[in-house]
1. Arrange the following residues from fewest to most other Cβ atoms within 10 Å of their Cβ: Leu503, Leu23.
2. Eigenvalues of the Cα gyration tensor times 5, then square-rooted: what semi-axes does that give for the range 262-352, in whole angstrom, largest first?
3. For Ile874 and Trp187, what is the calculated FRET efficiency with R₀ set at 56 Å and r taken between the beta-carbons, to the nearest 0.05?
4. Quick one: if the Förster radius is 45 Å, what FRET efficiency do Thr164 and Lys458 give, using the C-beta to C-beta distance and rounding to 0.05?
5. Taking N as the number of residues in the range 609-650, what value does Rg over Cα atoms divided by 2.2 N^0.38 Å take?
6. For the range 469-596, what ratio Rg/Rh do Cα atoms give with a Kirkwood hydrodynamic radius?
7. Based on the Kirkwood radius over alpha-carbon pairs, what is the Stokes-Einstein translational diffusion coefficient of the range 193-275 at 37 °C with 0.692 mPa s viscosity, in µm²/s?
8. Please arrange Trp182, Trp304, Trp906 by counting, for each residue, the other beta carbons lying within 10 Å of its beta carbon, fewest first.
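Quick note: the coordinates plus some simple rules give every number you see, no bench work behind them. Computed from a predicted structure; not experimentally measured. Cβ sites come from the backbone with ideal geometry, for glycine too, and all protein chains shown count toward neighbours.
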Amino acid sequence: MGTNIPEIIDNREHFLKDTINKLLKYATNVEMATGYFYISGFDLVKENINDNCKINVVIGDETDRITAEEIAEGYNLRKKYYIKNEIEKDIKYLNDDQKINVYELSELIKQGKIDFKIYVKDKFHSKAYIFDVLYNGEMQESYAIVGSSNFSKRGLGDGNLANTELNAVLRQPSQVEKVKEWFKRIWNEAEDFNEDLLRIIDENITVEKLDYSPFDILLKTLYEFYKDNNFLNKDIKFNLDDLAEFQKFAVKRALQILENYNGVIIADSVGLGKTYIAKGLLRYFINNRMNALIFCPASLKSNWEVVIDEFQIPIKIVSQESIGRDGVEQKDFENVQVIIIDEAHNFRNETANRYKELIKVIMDKKVIQLTATPINNSIKDLYNLLVLFLKDDEFKNKLGIKSIYEVFRDYEGNKNKIMDILNEVMIRRSRTFIKKKYGNKLNYEGKEFKFPKRHLFKINYNIAHVYGYNIFEEISKILQNLNLPIITREKLTEKQEAFTKALMKTIFLKRFESSIEAFRISIEKQKKYCELVLRGIEKGYLLCKKDILANLNSEDFDIEDENIKIDISQYNADIDKLKELFEKDYESFDFILQKIRNIDADKDMKLQTLINFINEKLRGKKVLIFTEFSDTARYLYKNLLDTDFGIVEEIDSENSKSGRKEKIISRFSPSFNPRLDNDDKEIDILISTDVLSEGQNLQDCNIIINYDLTWNPVRIIQREGRIDRITTKFDDIYIYNFMPDDKLDEILNLVERLEKKINYINETVGNENKIISEDKRINDLTFNDNIEKLRELAKCNDSNILDELEEERESIIPSEEYMLEDYNEFIIQNDSIRNYVKALKDGIFSIVRSDKNKGVFMFFKVGSENYLLFYDIITNQIISNKSLVYSIISNGKKIRWKPLKLNINWDIEGILKEGEKYVENIQNNLRQVRASIKEIDPIQRKIMERIEDMLGDIKFRSRIKPEQRLRRKKIMQPLHKGTLMKLKELNIDNLTDEEFLDKLDEILSYVEIDKNNEDINNKEIRLICYEIFV
């Protein structure tokens, strides 16, 4: 947070109200000293006072007299008896708004949230605002704002009313402590005012309160929404003592989702113990005599062997790589009812062999997917994970969604529907969320753990010192002007060629920043390709770049291999022009190589900065170094190997196979990974590409260095998640990011221009694009602010930017988790509240004053279906997404006092009727969707025709029993994607009728006929509660 707080606040560039609001959201203790405390100023900030915040206010004496109007506008207090007399005399002149202001302040005083004192010893002209901030469960900083601003609209900087002020923000602990000591002396000298103020308000302000508070509405909503959820409301009968509370709750929630849909995606953020949630689920199913199978990456098999060691029955563990390579073995799935898929995002590609193999054998199983990154490249990743256990029409009856596929095809247009789907089947909590709801300390495996504190630092280096002062400009200009002619066997459009060239230039720039060695290798390969093409043109053939670069370093590479040659006669353009372009690029690449030829490791200032930093700061400590490029990783390994920093190892995608990856991991973090080779020494410094950025437990280490720019900043979160886990022994995690301090803007601007070009081509090329997958296309449209995030990282050493990155990533996948956790906290865990809310009648309402939202919240129920709506009075639109609506009514603050009755000029009855009509329309649409003709695959139609022909044959009539007839009906309903794949493999034209029936019965044995859903015809639309936001 610190970097977002300005040093100087003058109500011109920075406004005091904005800073106070930022700090109040996370403050636990606030101390204010001001000559004026205006309630109009209080209105500007009161919505951001969090539930755990305590505020002490000392008020000074700026005038001799106070009127009742000034009570509402501000307290200009001198002597206590003046205040009493004048308030009592003029209180009758308060208008309704002023009465509400005074009433709300008095309620906060009664709750102990705010304490007032008056300084009457002498003239008090000081202004100070002191904040202790607890950000996401960790005490981060204290701030003291001192200067000229009183606590008024003008002093806080409210729009056109703002005074020009001068306030300084102090954040050095010693400075803040001095201000705190000063406030403590003033506080002790001041006189109490709470009791007098409350008595005067109670005796002189006649108000009419509503029957119910906003908190009552929140409780009623939560109770009615979840009261029929059997799993959430019943006690767990099996042992989960070694799980943290948030993991226990996830087990209950997962069981409920599995009951409804036979599948669940557990997508908690990295380091939150998804494996332990899966272990809790295993206990439940094994206690219920169900057998399980685990799919995981080969590198995690040993971890899972430790997890299942407690169970007395054998649980098969199958590597994901093996089913991609060898297919599935049917015997592994016999008598298996539960499948756990760890790192489930590895099944995001429906065209991959592992996906095709898996989906055909899990239709009748309960599928538990574990992944912190359900979206890696695009929203399509998520779709492919969902259809591992969902039928295309799964939500036809509940949500009125005929086709999941059609909804995901238009992500932008169907965000709310996708959110509704995910709320049904996904559990996703971030580290920030867990801290907010459960605090920083957790009981885990019978021990107390806490989240380590994250520290983010920059390691600055000078890129001009690496390449030379003038070389950067020369090389960057050359890279931008490269021709990069493209030779392919397929005809490309002009835009496709432009895209490919922009992408190549982007890669050159990224490797240029990564390391001199990675850049040198790239340029050498490009020069060699140009040389080979020019030689080939002379001999009458052309060469594709992908064929050459993929094999250039191979020992058996043979340029004379006819399979990689393209006859020059097949080239339809000007061959002389092509030759000229290659010649120019050859010269450019040769020029670059000449410029960087003499830059060796000793002259590489970036490498030397790393070596010096480790030597001075990290000697004797375990360090994990990440880079995006294998060539950079190997370069670092070569040059760190001969240092005296301890045992150094390197791993990348090419050298991580044949068990080497597992051995490296066990040597680097032996406390959390079984040792596979006791003869090798423990690793001190591990250099890795992102081959280790997911799925590994490396928390023997607490230091990460990102050697090159993380062009997708989410990678920082994924990498950091390897060491930032709730089982770590460290109190602090350190992340160091290398940043070029001299040419960063130039590099970012160059890459930004190229990526904008790439995005533009992606958006306009459409399905004709043969160069880039749809995944990448959606990825660029969804995560398109990476450059800005890099700029933010470059400016600060503030670890809170990591929380912001996490929250932004989470927001792509909206969640119902806050609502569920509030239900757990307020209803399940609190008997008195549960008994209270059970007695609340339907139709209750309350009123909230809000600057953020204006409108009416409405909760309707039809049978067991719930509808949370918010009518926006500004736009006259109804918001129906339950997560979004709940965020409006909870808004981080649970107001427990009963508000005053207000004269509201809105047509509340009319708005409620609009809401009821909206629900009625949803019900009508639901009826239509349920009654619509089921869309089935062509293979189902073909099979049905065969069945109809057989039913007409007297030969088979005696064989067709009622239950077999019912089974035939199964073929007429939408089926799981894996079932359809198996049906398509039947080759029914070559089967006899008997073989056909037997095969069909076998494939459809698990399928159940669609159950009759709750009849919604003529169901009453009940208004449960509503709330007016004014």
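1. Leu503, Leu23
2. Working: eigenvalues 78, 61, 33 Å².
Ellipsoid half-lengths, sorted descending, are 20, 17, 13 Å.
3. E(calc), rounded to 0.05, equals 0.85.
4. Approximately 0.85, to the nearest 0.05.
5. Rounded to two decimals, the normalised Rg is 1.10.
6. Across the range 469-596, the Cα-based Rg/Rh ratio is 0.96.
7. 190
8. Least crowded to most crowded, the residues run Trp906, Trp182, Trp304.
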